[in-house]
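The values are calculated or read from the model by the stated rules, or taken from the named source; none is laboratory data. Fair warning: this is a prediction, and the values are worked out from it, not measured in the lab. Every residue, glycine as well, gets a Cβ built from its backbone with ideal geometry; the counts of neighbours run over all protein chains shown.
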Amino acid sequence: MSARPALLAFMRKEVRHLLRDRQTLAILLLLPIAQLLLFGFAVRTDIHAVRVAVVAPASDAASAALRTRFANSGRFQLLPAVPHADSLESLLRRGQLDVGVVLPPRLADRLTAGEATRVLVVSDAIDPNTGTTMQTYAIAILRDWQDALGAARGAVRIETRLRMRFNPTLESVNLFVPGLIALILTMVTSLMTAISLSREKERGTFEVLLVSPLHPWQIIVGKVLPYLALAMANVVSVLLAAWLVFHVPFQGSVSLLLSASMLFALVGLAFGVLIAAITNSQLAAMLAALGGTMLPNTMLSGLIFPVTSMPLPLQLLTNIVPARWFIEIVRGIMLKGVGLSVLWPQLLILSVMLAVLLTLAIRRTNVRLA
Amino acid sequence: MNTPAIVARNLTRRFGTFTAVDHISFEVQSGEVFGFLGANGAGKTTAIRMLTGLLAPSEGEATVAGYDIRTAADRVRERIGYMSQRFSLYDDLTVRENIRLYGGIYGLQDDEIARRSEVMLGELEFTPPVTAMVRALPLGWKQKLAFSVALLHQPAVVFLDEPTGGVDPITRRQFWELIYRAAAKGTTVFVTTHYLDEAEYCDRLSIMVDGKVAALGTPAALKAEFSVASLDDVFVTLARGTASSGERSP
């Protein structure tokens, strides 16, 4: 008896299940795009309309130039000049101001004399991330201002240097797209295979398959391939939407990105099969798949919180989260344009994870029914 | 045809310290309808799982369709059919799609599947369209169809695990006619049931009590052995025997 027609017959059935459940299929195809739009438009960590006030003891050409720079930056909303630094505090407290820039007295004289010019930047850091971001914007403008002054006069000391590479416009959507691809792939792969396999267990059809000449690996492959195709369709649609709607830059190799996505999808699929093999009901499988993937993939992957700012035990834990490595790969390819020579360790780690999960999944399915 | 369809020798399965099946031995001849009876928890399901390769025996041996269930499980799987009390067709596929799936799993080519399913549906006098979703069929049709699909690859032995649970008496009768028809063609039928009137239809019966085969023989022989008028009484006598030994709560 040849294995091929049996596997084909089984896969044909899986595709039919998938195509017949129109509602689920529509959700699976459209949800990722909806998620991308939501993330892209609503969840932004870059900030617009930062209210800034400049404190200038004397009004002169240099301070006027700075005010103009803030007004024209597009990020800032310039408030009327504040005569004294003491009034900044109450404005900040009352939430009427985001950033205050305090220029020293005798600014014009100091600049002419070539003395060090100290500029104080006060920002509302009630949300530390926002505060840091606003401060960064302000420092960038101050630096430009100093550069311009220096070009005109010479001998102006530049004290702040800040370079933002790879994502110069600080568009957060660029950072979210890789994480979003990870999230979507996880959902389609782990969750859907876990549910579809455990449904067969619950209904009793799995027994019939196990009694048949189908080998456990054939059952797994037949279950996995249709969902792999669906997951890849999702990757392509999200990338297209990111490119067309948000103009996310695409520096690296598309084929490497698709290959890495396929590898990551296979990790998720193997995880889903393993969950279905271990759990005894659809509900348990669904909860395990959600808890086992969504939580670590959002919290411990670097998608929302940078891995480097986590406490050490959590940093160690992120090593076993596949999405952590995948997000590094996607960010590397899309934003930095790096290739295999840089990303091979991450790809290797994902391959090892796949091998381990697949072995466990086949072994657990092979035990047949205890 | 001389080798028995099923041979079990001291077949045993333990779960931890609990012995679910305790050294059972029996033979089933080709073309026989063999009833496998027992109260819930007597070990029927465990035994049937070992014979179908779903569970490895802890001790003892068995052959099904001439092949050892331990060493030639793949061969056994190709030669048996299986239908469980839980419905084994896919609700969201049509009648034809289900038939093609099971035919395909057992390695039949498409034209062969088409030929056999035509014969099969004809014999069933199957009236609903083959493009109907299985979920839309009445329960009786579903059960009869599931049985016929389990026979599509012409297995030597078919295992039926409480196949008539929840169906009406008329459908049960029709179902047994299908079983006889299959047996007449040489298929060995191994069937578990809760209905003792159904047990009367079997060529031979075994009754399991506490993991052991407590009685084995034709319905008439069993009634004579226990000097009672019905299989019901045979069953009750055996069950009472267990209760008095104090192992089971009344």
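Quick notes
- For the range A:266-276, the criterion of being part of a helix (DSSP H, G or I) and surrounded by fewer than 16 Cβ atoms within 10 Å (Cβ to Cβ) is met by no residue.
- Flag if residue B:143 is part of a helix (DSSP H, G or I) and touching a residue at least 12 places away in the same chain (Cβ under 8 Å): yes
- Selection status of residue A:203, over 19 Å from residue A:323 (Cβ atoms), free of Cβ contacts under 8 Å to residues at least 12 places away in the same chain, surrounded by fewer than 22 Cβ atoms within 10 Å (Cβ to Cβ) and over 18 Å from the mean Cα position of the chain (by Cα): yes
- Against the conditions (1) on the phi > 0 side of the Ramachandran plot; (2) over 17 Å from the mean Cα position of the chain (by Cα), residue B:129 satisfies every one except (1).
- For the range B:61-73, the count of residues that are within 7 Å of chain A (Cβ to nearest Cβ), in a helix (DSSP H, G or I) and free of Cβ contacts under 8 Å to residues at least 40 places away in the same chain is zero.
- Qualifying position, being hydrophobic (A, V, I, L, M, F, W, C) and within 9 Å of chain A (Cβ to nearest Cβ), among B:50, B:83: B:83
- For the range A:341-356, the criterion of being exposed (fewer than 14 other Cβ atoms within 10 Å of the Cβ) and farther than 22 Å from residue A:271 by Cβ is met by at least one residue.
- Unique residue being under 16 Å from residue A:133 (Cα atoms), exposed (fewer than 14 other Cβ atoms within 10 Å of the Cβ), in contact (Cβ under 8 Å) with a residue 24 or more places away in the chain and not aliphatic (A, V, I, L, M) when the list is A:84, A:48: A:48
- The number of residues in the range B:100-121 being at the interface with another protein chain (Cβ under 10 Å from one of its Cβ atoms) and either part of a loop (DSSP other than H, G, I, E, B) or not acidic (Asp, Glu) (or both) comes to 11.
- Selected residue (only one of B:31, B:41 is touching a helix residue (DSSP H, G or I) at 6+ places or on another chain (Cβ under 8 Å), surrounded by fewer than 22 Cβ atoms within 10 Å (Cβ to Cβ), in a loop (DSSP other than H, G, I, E, B) and more than 14 Å from chain A (Cβ to nearest Cβ)): B:31
- Odd one out for residue A:80 among (1) in a loop (DSSP other than H, G, I, E, B); (2) of a type outside the set (D, E, K, R); (3) at pLDDT below 80; (4) at negative phi: (3)
- Out of B:166, B:186, sole residue that is at pLDDT 90 or above and either of a type in the set (Lys, Arg) or on the phi > 0 side of the Ramachandran plot (or both): B:186
- Every condition in (1) outside any loop (DSSP other than H, G, I, E, B); (2) within 28 Å of residue A:200 (Cβ to Cβ); (3) more than 11 Å from chain A (Cβ to nearest Cβ) holds for residue B:24 except the one numbered (2).
- Matching option when the condition is free of Cβ contacts under 8 Å to residues at least 40 places away in the same chain and more than 20 Å from the chain's Cα centre (by Cα), among B:77, B:115, B:135, B:86: B:115
- Failed item, numbered, when residue A:97 is tested on (1) surrounded by 13 or more Cβ atoms within 10 Å (Cβ to Cβ); (2) part of a helix (DSSP H, G or I); (3) modelled with pLDDT of 80 or more: (2)
- Whenever a residue of the range A:23-44 is over 15 Å from residue A:304 (Cβ atoms) and not assigned by TED's automatic domain parsing to the domain that holds residue A:178, its partners that are exposed (fewer than 12 other Cβ atoms within 10 Å of the Cβ) and at pLDDT 80 or above, lying with C-beta atoms within less than 8 angstrom and at least six residues away or across chains, give the pairs A:25/A:19.
- Unique match (being touching a Pro at 6+ places or on another chain (Cβ under 6 Å), closer than 19 Å to residue A:180 by Cα and in contact (Cβ under 8 Å) with a residue 12 or more places away in the chain) among A:267, A:235, A:248: A:267
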